[in-house]
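Enquirer: Take a look at the following structure, please.
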Amino acid sequence: MLPVVIPATLPIPGAPVRIGDTLEEIETPALLVDLDHLETNIARMAKLFQGTRARLRPHAKAHKCPAIAHLQLARGAVGFCCQTVSEAEVLVVEGIADVLVTNQIVDPHKLDRLAALSRRAAVAVCVDHPEQVHQLEAACVRQDSRLGVLVEVDVGGGRCGVPPGSAAANLAERIAGSSRLHFAGLQAYNGKAQHLRGIEERRAAAVNAAEHASVAVAAVASRGLVCESVTGGGTGTFLFDLEAGLLTEIQAGSYALMDADYARNQSEPRTTFAQALQVLATVISRPAADRAVIDAGLKAIAFDSGPPEPLDLREARCQRPSDEHCELVLGGAAQSLSIGQKLRLAPGHCDPTINLHDWLVAVRGDRVEALWPIAARGYRWPGQSS
């Protein structure tokens, strides 16, 4: 379900621009996606998976955009990861047939929604405690449905997950014994490894995660069960996860859009992805020769992984964000920046930045080619309009 091209003469309510307009005509702050970079990133990742045993299951939380999801499906993605039930609901409504919620769901309303969603698509979810299994079972009984369930194993991330070994096998056995649940495998994700800066650091973390996951696979096998899927990895470690050869699915997500934090990782040329996601901002004040203020602050850009980096002015540095402002410290040629001038920023963290906006303005060169709703942003409930 690719985006419909709307004539430039017809504005879309709430959108910051019309299709066919130039960058200078975009109302700021606005979230851009460079289509040339996006398409290159998706094609590069697809090529790297050719000839491997693993499948690519991108994480949709990185973009929350069905239009991008369909582009990834067209280049070989087997389905998608989501972090919330609402993200999964949006994707299924938009024609995505295979979704894994890589999280523990315990709220009764969300459990019922998840169980109901499994009647419309292949839906799976993660657990790391028997009580979660019991609650999933009850929801499937209420909704007369069946869910795939993966045991989350702590492979070094130190967040959710059971230890590899008997704890994982016990939980897998409990799932397999349910008439309403299907044991679908193991979730083996190490989030901390994704942002280790050195190549060898990330490789070692990926090898360690694979060793932990292999212990869990063996423990499950000792109970006569088969792990249909061993899923994990990400944009920072996918190459090393492929080399380790244990994962059957890899959950890279940020590669499609990228952000300034991932760009700080050391990487090989073949695994370097372009900065497709950009925030367009306008200079609204020049209080001093070495300072400027732009109209994109905390409500337009996430700062949890550091400040955004100006793409057009290498001698400018972002600091002191507030709700609607961000200060630029200017050096050299950047001091020629003028009021009203627009500039593009690479956000530090793509996922939460995406969640601040309603639209992705898809540009090619200097022109707006499409407007894509970020349909899965925020938290949605049944009946809520898009």
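Enquirer: So, in the stretch 53-107, exactly how many residues are closer than 26 Å to ALA244 by Cβ and either out of contact with any strand residue (DSSP E or B) (no Cβ under 9 Å at 6 or more places or on another chain) or small (Gly, Ala, Ser) (or both)?
Expert: 7
Enquirer: Considering THR248, THR235, which residue is farther than 30 Å from LEU311 by Cα and of a type outside the set (A, V, I, L, M, F, W, C)?
Expert: Within the list THR248, THR235, the selection yields THR248.
Enquirer: Which residues, counting only those in the stretch 183-193, are surrounded by fewer than 24 Cβ atoms within 10 Å (Cβ to Cβ) and part of a helix (DSSP H, G or I)?
Expert: The answer is GLY191, LYS192.
Enquirer: Please work out which one of (1) outside any helix (DSSP H, G or I); (2) out of contact with any Gly (no Cβ under 9 Å at 6 or more places or on another chain); (3) crowded, with 18+ Cβ neighbours inside 10 Å is the condition ALA139 fails and give its number.
Expert: Just one mismatch for ALA139, condition (1).
Per-residue answers, yes or no, for (1) within 21 Å of LEU343 (Cβ to Cβ); (2) surrounded by fewer than 18 Cβ atoms within 10 Å (Cβ to Cβ):
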site	(1), (2)
ALA244	no, no
LEU247	no, no
SER254	no, no
ALA276	yes, no
LEU280	yes, no
ALA288	yes, yes
ILE294	yes, no
ASP304	no, yes
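Enquirer: Still on this model: Go through (1) without any contact (Cβ under 8 Å) to a residue 60 or more places away in the chain; (2) crowded, with 23+ Cβ neighbours inside 10 Å and name the single condition ALA334 misses.
Expert: Every condition holds for ALA334 apart from (2).
Enquirer: Here are some residues: ALA88, ALA176, ALA168. Which one is more than 28 Å from GLY378 (Cα to Cα), at pLDDT 95 or above and buried (at least 23 other Cβ atoms within 10 Å of the Cβ)?
Expert: ALA168
Enquirer: Which of the following residues is aliphatic (A, V, I, L, M) and not in a loop (DSSP other than H, G, I, E, B): ALA281, ALA252, ALA274? Lay out the reasoning, then the answer.
Expert: Numbers: ALA252 fails: not in a loop (DSSP other than H, G, I, E, B); ALA274 fails: not in a loop (DSSP other than H, G, I, E, B).
Just one listed residue meets the conditions, ALA281.
Enquirer: Consider LEU246 against the criteria (1) of a type outside the set (D, E, K, R); (2) assigned to a loop (DSSP other than H, G, I, E, B); (3) in contact with a Ser or Thr (Cβ under 9 Å, 6 or more places away or on another chain); (4) more than 30 Å from ALA54 (Cβ to Cβ): it satisfies all of them except one. Which criterion is unmet?
Expert: (4)
Enquirer: Scan the stretch 55-83 residue by residue and report those that are buried (at least 20 other Cβ atoms within 10 Å of the Cβ) and not in a helix (DSSP H, G or I).
Expert: Of everything in the stretch 55-83, those that are buried (at least 20 other Cβ atoms within 10 Å of the Cβ) and not in a helix (DSSP H, G or I) turn out to be LEU56, ARG57, PRO58, HIS59, HIS63, LYS64, CYS65, ALA77, GLY79, PHE80, CYS81, CYS82.
Enquirer: Spot the failing condition for PRO58; the list is (1) modelled with pLDDT under 95; (2) within 17 Å of the chain's Cα centre (by Cα), and only one is missed.
Expert: Unmet for PRO58, out of (1) modelled with pLDDT under 95; (2) within 17 Å of the chain's Cα centre (by Cα): (1).
Enquirer: Mind listing whichever residues of the stretch 93-105 are surrounded by fewer than 20 Cβ atoms within 10 Å (Cβ to Cβ), touching a helix residue (DSSP H, G or I) at 6+ places or on another chain (Cβ under 6 Å) and aliphatic (A, V, I, L, M)?
Expert: none
Enquirer: Continuing with this model, one more query. Between a first residue in the stretch 278-294 that is over 10 Å from GLU327 (Cα atoms) and modelled with pLDDT of 95 or more and a second residue that is of a type in the set (Val, Ile, Thr) and outside any strand (DSSP E or B), which pairs have beta carbons less than 6 Å apart while being 6 or more apart in sequence or on different chains?
Expert: Cβ pairs passing all conditions: VAL279/ILE301; LEU280/ILE26; LEU280/THR28; ALA281/THR28; THR282/THR28.
Enquirer: Let me ask something additional. Considering (1) within 24 Å of LEU356 (Cβ to Cβ); (2) surrounded by fewer than 18 Cβ atoms within 10 Å (Cβ to Cβ), say which one THR40 fails and leave the rest.
Expert: Condition (1) is where THR40 drops out.
The values are calculated or read from the model by the stated rules, or taken from the named source; none is laboratory data. Because the structure is a prediction, the values reported are computed rather than measured. All Cβ positions, glycine included, derive from the backbone under ideal geometry; neighbour counts span all protein chains shown.
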